[in-house]
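**Q** What follows is a single structure, and I will ask about it in a moment.
The values are calculated or read from the model by the stated rules, or taken from the named source; none is laboratory data. The structure presented is a predicted model; accordingly, all values stated were derived computationally and were not measured. Positions of Cβ are backbone-derived with ideal geometry, glycine not excepted, and every protein chain shown enters the neighbour counts.
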């Protein structure tokens, strides 16, 4: 266990050092707003997307946004649409766009509701039972976020993303609070399946590969409610 925590500490130190590559350099927020005009169709006004599969960018740490835009640009993060957009951005464009989104206020999500089961052979679930099920899921997610699942070597999210999921700017670890649950579920699943790997020491894959589908859903819903 001590070796695992040592490895995590070294990873955090490496991430903090590497984030200096994206240190503030004459960021222009007004210019960033203009340059981000093409982002609105997917990421919404002021970086608050209306489509739950597209991430909110508002109030996201600048260092993380810069890191991801550079990753799309150099191909270390795969997404054809974002790669095409990032290729057209200069280093100064990336600095300005990241500063603009960091300056915006992230919107708060509504309390999630448990969906109906699509199986017609199963009896309908009452609204009261749905609420009980969602409360249980949120409680499970909160426990995972704060404490992890040490018997299964799943680290606590709080260690890197902060007590309120506010992120870690120096280490370029993203803010997660008030993010769409659907986007978080997809992202964690991509890390789990190895479809995304642009993070220090592939740490997120090492964590998520030990998480169940239910755990990913639970922690994603809980994070979406944090603010």
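**Q** Residue 218: in contact with a helix residue (DSSP H, G or I) (Cβ under 8 Å, 6 or more places away or on another chain), farther than 30 Å from residue 74 by Cα and part of a loop (DSSP other than H, G, I, E, B), yes or no? Break it down stepwise before answering.
**A** On the way: in contact with a helix residue (DSSP H, G or I) (Cβ under 8 Å, 6 or more places away or on another chain): yes; farther than 30 Å from residue 74 by Cα: yes; part of a loop (DSSP other than H, G, I, E, B): no.
For residue 218, the condition - in contact with a helix residue (DSSP H, G or I) (Cβ under 8 Å, 6 or more places away or on another chain), farther than 30 Å from residue 74 by Cα and part of a loop (DSSP other than H, G, I, E, B) - is not met.
**Q** Tell me, please, whether a residue that is assigned to a helix (DSSP H, G or I), modelled with pLDDT of 95 or more, out of contact with any strand residue (DSSP E or B) (no Cβ under 8 Å at 6 or more places or on another chain) and within 30 Å of residue 70 (Cβ to Cβ) can be found in segment 126-135.
**A** Checking segment 126-135: not a single residue is assigned to a helix (DSSP H, G or I), modelled with pLDDT of 95 or more, out of contact with any strand residue (DSSP E or B) (no Cβ under 8 Å at 6 or more places or on another chain) and within 30 Å of residue 70 (Cβ to Cβ).
**Q** For segment 138-149, check the following and say yes or no: at least one residue is assigned to a loop (DSSP other than H, G, I, E, B) and at pLDDT 95 or above.
**A** Of all residues in segment 138-149, those assigned to a loop (DSSP other than H, G, I, E, B) come to 148.
Next, from what is left, pick out any that are at pLDDT 95 or above: 148.
The answer is yes; a qualifying residue exists.
**Q** For residues that are in contact (Cβ under 8 Å) with a residue 40 or more places away in the chain and buried (at least 17 other Cβ atoms within 10 Å of the Cβ), scanning just segment 69-88, find the one that is farthest from the chain's Cα centre (by Cα).
**A** The residue in question is 70.
**Q** For segment 140-154, enumerate the residues that are touching a residue at least 60 places away in the same chain (Cβ under 8 Å) and in contact with a strand residue (DSSP E or B) (Cβ under 9 Å, 6 or more places away or on another chain).
**A** Within segment 140-154, 144 is the sole residue that qualifies.
**Q** To continue, here is another question. Being in contact (Cβ under 8 Å) with a residue 60 or more places away in the chain and touching a strand residue (DSSP E or B) at 6+ places or on another chain (Cβ under 7 Å) is the filter here, so list the residues in segment 182-214 that pass it.
**A** Selection gives 210, 211.
**Q** Tell me whether segment 92-115 contains one or more residues that are free of Cβ contacts under 8 Å to residues at least 12 places away in the same chain, within 17 Å of residue 40 (Cβ to Cβ) and either loosely packed, with under 13 Cβ neighbours inside 10 Å or in contact with a helix residue (DSSP H, G or I) (Cβ under 8 Å, 6 or more places away or on another chain) (or both).
**A** no
**Q** Between a first residue in segment 21-46 that is at positive phi and a second residue that is modelled with pLDDT of 95 or more, which pairs have beta carbons less than 7 Å apart while being 6 or more apart in sequence or on different chains?
**A** Partner pairs satisfying both residue conditions: 44/50; 46/58; 46/104.
**Q** Of everything in segment 155-181 that's outside any helix (DSSP H, G or I) and without any contact (Cβ under 8 Å) to a residue 60 or more places away in the chain, which residue is nearest to residue 225 (Cα to Cα)?
**A** Across segment 155-181, the extreme among qualifying residues is 176.
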